[in-house]
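Enquirer: My questions will all concern the structure given below.
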Amino acid sequence: MSSDFETYEQDFATLTAEVTNKIGRIPKLSGEEKTQLVLNVDKQLEEVRELLEQMDLEVREIPIQSRAMYNSRLKSYKQEMEKLEKDFKRSRIAYSDEVRNELLGEDAGSSENQRAHLLDNTEKLERSSRRLEAGYQIAVETEQVGQEVLANLHSDREKIQRARERLRETDANLGKSSRILTGMLRR
């Protein structure tokens, strides 16, 4: 189980190193080469997201005793992914600003204030999305715990019902034995 996780970790490290390298190259390129690199990085980021999902599934199958360690590692990988996505957005914004300025001229660019405001709003939206996702994960985990409790209660109920049935049978046998002994004493 953990060997799969470690394989995913190696793949994650390789992919994120490639993505980081490419993100750093985006501002230095121009034209079709730059467009292709942006598309390539976007595709690789999607692969990294899928890899994180696989790692998350693997962590859920790991025994509870060692799950905490893997959860903390997964959390740090997710934080690294968020940083990569932010860096990529910044490089894409610089890229789109450059393209817009080429098409419309330097005077058509938006002010730095508007850009900062837009970035702040985007970050707030991302934080809210992460909080919602964390709340959803807690709800899923709570549901799983509830299912386990219900299964245990069902099992306990069946045990109690079997014990009650045995008690009734024993009571009936004792009553029968008592009648037989009373009959024998009369004779």
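Enquirer: List pairs: first in region 48-63 and without any contact (Cβ under 8 Å) to a residue 12 or more places away in the chain, second part of a helix (DSSP H, G or I) and open to solvent by 20 Å² or more (accessible area, probe 1.4 Å), Cβ under 9 Å, 6+ apart or cross-chain?
Expert: 60/67
Enquirer: Could you figure out which of (1) at pLDDT 85 or above; (2) more than 26 Å from the chain's Cα centre (by Cα) isn't true of residue 42?
Expert: Residue 42 satisfies every listed condition except (2).
The values are calculated or read from the model by the stated rules, or taken from the named source; none is laboratory data. This is a predicted model, so every value here is computed, not measured. Cβ coordinates were reconstructed from backbone atoms using ideal geometry, including for glycine residues, and neighbour counts include every protein chain displayed. To get the accessible areas, we keep the full protein, side chains included, count just its heavy atoms, and leave off ligands, DNA and RNA. Shrake-Rupley method; radii C 1.70, N 1.55, O 1.52, S 1.80 Å.
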